[in-house]
1. Would you please give the FRET efficiency between K219 and D343, computed as 1/(1 + (r/R0)^6) with r the Cβ-Cβ distance and R0 = 41 Å, to the nearest 0.05?
2. Compute the acute angle (0 to 90°) between the alpha-carbon long axis of helix 11-22 and the principal axis of greatest extent of the alpha-carbon atoms of the chain; round to the nearest 10°.
3. Quick one: Cα convex hull volume of the chain, Å³ per residue?
4. Counting only C-alpha contacts under 8 Å and six or more residues apart, can you give the relative contact order of the chain as a whole percent?
5. Using alpha carbons only, how many degrees (0 to 90, rounded to 10) separate the axis of helix 118-136 from the longest principal axis of the chain?
6. Within region 189-216, list the residues whose amide N lies under 20 Å from a label point set 7 Å along Cα→Cβ of K105.
7. Loop-only GluC sites (Glu not before Pro) in region 276-378, please: DSSP not H, G, I, E or B, and at most 15 other Cβ atoms within 10 Å.
8. Find how much the distance from T271 to L446 grows on full extension, using 0.36 nm per residue of separation minus their present alpha carbon separation; answer in nm with one decimal.
Amino acid sequence: MKKIIVCGAGIGGMVSAILLSAKGHEVSIYEKNDEPGGKMGEIRRDGYRFDTGPSLITMPFVFREFFDEIKREMTDYFELTEIDSSCRYFWSDGTVFNSFTDKAKSEQELKKVFGDDTSDSYFRYLEYAKIFYNLSLEDFIGSDINIRNYLSKEGIKNLFRLISGRSVNDLSNKFFKEKKLKQMMDRFATFSGSTPFLAPQFFSVIPYIENEYGAWYVKGGIYKIAEGLRRLCGEFNVEIHYGCELKDISQNNKKITSLKFRSNDGKTLETDKFDTVVSNFTNSSGIMDKDYFKNDDWANSAFIIKAGMKKKFSELSHHNIFFADDYEKEYIDIFEKKIPSDDMTIYISISSKTDLNDAPAGCENWFIMVNAPYLNPGTDWTEKYSRDYCNRIIDRLNRFDIVFGGNIHDHIEFCDIFTPEDFKNKYNCENGSIYGLSSNTLYTILKRPKNKSDKFDNLYFTGGNTHPGGGVPLCFQSGRIISTLI
Ligand SMILES: Cc1cc2nc3c(=O)[nH]c(=O)nc-3n(C[C@H](O)[C@H](O)[C@H](O)COP(=O)(O)OP(=O)(O)OC[C@H]3O[C@@H](n4cnc5c(N)ncnc54)[C@H](O)[C@@H]3O)c2cc1C
């Protein structure tokens with residue numbers, strides 16, 4: 001039995017702690033903030049409830065496998081419910097497309113909106129993406145990234161297929177003539193914090209996964225997952241120490257020998273009572289190689305507005321995307337020029353469409369998200385700049401007048417703004433980036449921190465900044481991977 005300290009009570013941190021404790025280790029967690037869940041948070045205001053991060057769940061089998069492993073019933077902790085339409089897409093010329101994971105519905109909608117021949121190319125695209133999924137399932141998503149997985153003849157062939165030079169956008173160009181369809185499929189690359197113009201075609205697995213395994217919500221809100229994990233921590237005797245930020249470490253002979261935390265009341269807590277450390281973040285200079293922070297290809301950040309809306313909008317679904325007019329410019333702005341785009345693609349998640357309790361009667365809880373560049377000297381997210389940018393987003397939505405039928409500003413009860421700067425301050429995200437290093441190129445993918453640290457023999461990484469990547473199911477997977485490695 002080992003004594004293990006997990007730093008950070010995000011999803012990866014809590015899943016790792018529970019699995020390690022279930023295997024007989026003595027585990028405790030130290031978390032900077034006063035609540036668990038990290039980016040999966042929740043706020044309530046004036047009768048509205050908002051999830052602060054994830055809004056859509058895929059790969060439900062990953063959660064079931066976790067619960068099987070710890071011999072508990074998932075439904076005793078949270079309940080996944082499948083959503084019929086995974087997203088409603090809007091373009092400013094009035095085109096609307098409902099994405100379904102049901103094949104027959106999807107086929108019908110594709111033919112209706114984009115023409116008869118598009119459904120065939122859409123499903124061929126997904127079949128092609130399935131190859132990557134099958135190639136990656138065991139050796140990439142299911143285990144730590146390790147060259148030994150690829151040492152056979154078949155393994156080398158697979159590796160070449162996974163890392164071929166074609167980008168997500170190249171793949172869309174190969175399969176689709178319809179620009180809007182390209183725009184739709186390309187956007188999935190941003191779920192990994194990357195641009196479709198650079199991210200390898202492997203990332204076409206994201207729409208494949210959503211299509212194959214469905215789009216899911218959690219009854220009572222996505223935050224129920226974090227609450228369920230917190231409860232499990234209690235049941236598995238994992239104590240969570242809140243308000244404790246890792247500030248420094250001591251080391252000897254490639255091992256971390258002590259951890260220094262600063263508590264909310266300014267005191268320093270130091271402990272050397274551990275064998276192994278698991279970190280749910282990669283922001284601390286003590287635990288990372290200095291070179292890591294010299295990178296300049298971080299995943300994007302996000303600009304978020306949580307808006308209480310005093311009206312119900314019948315044209316909107318639970319998940320909605322309003323596309324930019326100039327498709328390439330938005331990516332150039334965010335990933336090359338590193339400036340917030342004026343012609344932005346806007347995502348609106350309205351959980352009160354599925355769960356009426358999330359907003360007062362006759363109202364809706366809008367979680368509005370726009371991709372933003374990671375922090376850089378080009379943009380200062382002052383209160384005034386952030387407020388102006390919020391207004392520009394609402395003005396841009398006003399252009400979709402068929403949907404909103406009037407000025408949206410008139411229906412807003414309040415707007416809570418969360419900027420890339422807030423990501424840095426609240427969760428210590430490197431440069432405000434949501435997933436640490438981007439997956440824009442093979443080079444950056446290989447530079448992403450591995451589950452087992454190269455720097456210290458008794459340090460492991462879990463969560464979205466490490467392998468296998470960002471997103472709630474993959475954070476669960478990283479917990480499972482390191483619990484096996486340890
Ligand atoms: C806006 C947004 C939308 C998203 N949408 C989706 C979605 O729809 N579907 C999906 O699957 N995924 C989505 N994601 C991704 C998903 O939320 C994340 O991948 C996942 O929640 C990250 O979990 P994690 O384990 O990496 O931990 P994190 O959430 O990064 O938590 C890390 C924890 O460590 C703590 N910490 C940091 N530094 C220190 C320190 N020095 N000392 C102590 N504690 C520290 C932080 O406070 C935090 O609690 C979204 C993310 C964001 C931000």
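Values quoted throughout were computed directly from the atomic coordinates according to the rules given, and no laboratory measurement underlies them. The structure presented is a predicted model; accordingly, all values stated were derived computationally and were not measured. Note: ideal-geometry Cβ built from the backbone for every residue, glycine included; neighbour counts use all protein chains shown.
1. Efficiency computed from Cβ-Cβ geometry: 0.65.
2. 40
3. With only Cα atoms used, the chain gives 146 Å³ per residue.
4. On the way: 978 pairs, mean separation 114.2, N = 486.
Computed over the chain, the figure is 23 percent.
5. Rounded to the nearest ten degrees, it is 10.
6. Zone members listed by number: 207-216.
7. Sites meeting the loop and neighbour criteria: E315.
8. Details: separation 175, 0.36 × 175 = 63.00 nm, distance 3.26 nm.
Extra length from T271 to L446 when fully extended: 59.7 nm.
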